[in-house]
Amino acid sequence: MQADQELRAKMVPAGQADRLHSLDLIRGIAVLGILLANVTAFGQPSMSYYWPPALPGGGSESDSIAWLVQLVLVDGKFRGLFSILFGAGLVLFVERKHDAERALVLQLRRLAWLILLGLLHFVLLFRGDILFGYGIAGFIALFFLRLPAEKLLAIGIIWALVASGMQALSYLTPALIEAGASEAGRADAIAYYTDYWQGRLIVAQEQARVLEHGSYLDVLRYRLAEESGLLAGYFTIGFFETVPLMLIGMGFYRSGLFAPGADASGWRWTALAVLVTGIAINLAMGLYVYRAGFPPYLTQLAFFGVAGVANSFMLLGGTALLAQWTAKASGGWLAERLAQTGRMALSNYVGTSLVMMLVFHGWAGGLYGTLGKLDMLPVVLLGWALMIAFSRIWLARYCYGPLEWLWRCLTYWHRFPLKREGS
C-alpha cells in the first residue's frame, strides 16, 4: 500500500512550476490562430473553406483576397503548429515521470481519452474536430519515442515533405484535365470530374440547408448519418501530415529548442530562410489560382497539395523563430496572456466550437451562410477576446482549465484538486 502511494505521488501531473512556458505561449498563439482558420467552416459549408465561389453570391473580390492571404499565412499553419507542440508534449509527459513504463501506460490512456473527447466534439459541436486525429496519430508517434533528436527530426522532415509531395501529385491529374493540359481520358475524364464536382456541390447545399434551417437535433442526425464517414479521413491526414509533424515536435523538444533559456539564435537565419521559402511557394501558387479565377481542381491542388509542401517549410522555420521569441518574451503582458490561453488550449478549443455553434447555427444565432470571409473577422475577434479573458479569470481561481482537469483526472484515474488554495 505504501509503495502504491509513493508511486502515485511520483506520477502526478506537472504543476505550474514544472511547465514549459515556451510551449504554453506558442500553444496560445496556435489556439487563437486555429479559430481564424476555422471560422469559415463554422459559418459556411465546408467547401467554402477552400473554394471562395461557394461563399454568398459566389464570393466577392475581398473574399478572394482573404483566401489568398489565408492560404499564404493561416490555413494549415496553426493546426500544424499544434501537431508539433503535441509531439513535444508526448516526450515531455514521459520524460517528466520517474517510472518510464508506467508513464507510457498513462500516455496510452491519455490518448484514448482524447480520442473519445474528439468523437464527442465532432458529433456534438464541430465536424472539423482535430482531437480525434491527434489521439490516433499520437499512438503511432509513440513508436518513435525512444529515438534521439537527430533521427526524429530527419524522419519527420523527410516524411512530411515526401507525404505532402504525394498529396500534391494526387491532385495534379484532375487539375491538368480541368485545364485541358492532359490528354488522359479526354472527354470521359472531363465528364467524370465534372460530375464528381457537381455531386460535391449538392452535398454542400444539403449541409447548408440543415445548418441554416434545422434544429440542433437535425444537425446531430445529419452529422451521424451523412458525415460520420469523415472520421476515416483522419487516418489519411495522420499519415500525410499529423504524425510527421509530431515527430518534428518530438525532435525539437529533444534538441532543447523549447527548454528555458534555450538559445536558438544559431538557427535564426536558417529558420528565416526556410520560412520565407514556404511563404514564397504558397504565394506563387495562390496568385496563380487567384488569377485563374479559382477553377475547382486547381484550387484544391493549391490548397490541399502544394500548400502542404510549403507549410512543411513554414512550420519548420516558424516554430524555431517562435521558440526564440518566447525566450525573450517571458515577462511581457502579451506573453502572459498568450501563455494563460495556451495552458487552457483544450478548453479554449472546445469552448470556441460551442460559442461559434451558438453564433452561426440557424437554431441559435442564425448567422450561418450570411457572412463573407472579411465579415467574419469581428466574430474571430470576439472569440479571441473570450478565450483570453476566460483563461485569465479561470486560472486566477483554479489550477487547470476545466477540460484539462477532467483529462488529467481520467488519465490518472484520480480526482485532483481543482481550486487554488486561498482563492
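For K328, K77, which order do you get if you count the other beta carbons within 10 Å of each Cβ and list the fewest first?
K328, K77
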Restricting to Cα pairs below 8 Å that are 6+ residues apart, what does the relative contact order work out to for the stretch 61-174? Please round to a whole percent.
18 percent
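Determine, for each peptide in 385-396, 337-348, the mean count of other beta carbons within 10 angstrom over its residues, then list the peptides with the highest first. Numbers along the way, then the final one.
Values: 385-396: 16.3, 337-348: 24.3.
The densest-packed peptide leads the list: 337-348, 385-396.
So how do S228, S353 line up by other beta-carbon neighbours within 10 Å, fewest first?
On the way: S228 13, S353 22.
In order of increasing Cβ crowding within 10 Å: S228, S353.
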Among A208, A364, A30, whose mean-square fluctuation peaks in a Gaussian network model of the chain (Cα, cutoff 10 Å)?
A364
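Under unit Cβ charges (Lys, Arg +1; Asp, Glu -1), what dipole magnitude, rounded to 20 debye, does the chain have relative to its Cα centre?
Numbers: 32 positive and 27 negative charges, 267 e Å.
Rounded to the nearest 20 debye, it is 1280 debye.
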Choose one answer from L283, L176, L32: the residue with the largest mean-square fluctuation in a GNM of the chain with alpha-carbon springs under 10 Å.
L176
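So which helices of the chain fit the span-like rule, where a helix is a whole DSSP H run, its Cα atoms reach 24 Å or more along the axis, and its mean Kyte-Doolittle is at least 0.5?
Working: long enough: 21-43 (33 Å, 1.38); 77-95 (27 Å, 1.43); 100-124 (36 Å, 1.36); 149-179 (44 Å, 1.23); 186-213 (41 Å, -0.47); 268-292 (36 Å, 1.18); 307-328 (30 Å, 0.81); 377-395 (27 Å, 1.87).
The answer, listed by residue number, is 21-43, 77-95, 100-124, 149-179, 268-292, 307-328, 377-395.
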Using amide H atoms built in the peptide plane, which far-off residues or other-chain residues are under 5 Å from Y398 H to H?
R420
Of the residues L322, P378, V276, the Cα lying farthest along the dipole of the stretch 264-417 towards its positive end, which is defined by charges on the beta carbon of Lys, Arg, Asp and Glu, belongs to L322
So for the chain, averaging the separation of alpha carbon pairs under 8 Å that are six or more residues apart and normalising by length, what relative contact order in percent results?
31 percent
Top of L108, L152, L131 by mean-square fluctuation, Gaussian network on the chain, Cα under 10 Å:
L108
Dividing the helical contributions, -39500 (n - 2.57) per DSSP H run of n ≥ 4, by the residues of the chain yields a 222 nm value, nearest 500 deg cm²/dmol, of -23000 deg cm²/dmol
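Kindly put E336, E421 in sequence by how many other C-beta atoms sit within 10 Å of each C-beta, fewest to most.
E421, E336
Just need the relative contact order of the stretch 76-137 here, percent rounded to a whole number, with Cα pairs under 8 Å and 6+ apart.
Working: 37 pairs, mean separation 16.4, N = 62.
Contact order relative to length: 26 percent.
FYI, it's all coordinate maths here, none of it is from the lab. Worth saying up front: this structure is predicted, and the values here are computed from it rather than measured. So basically every Cβ, Gly included, is an ideal-geometry build from the backbone, and we count neighbours across all protein chains shown.
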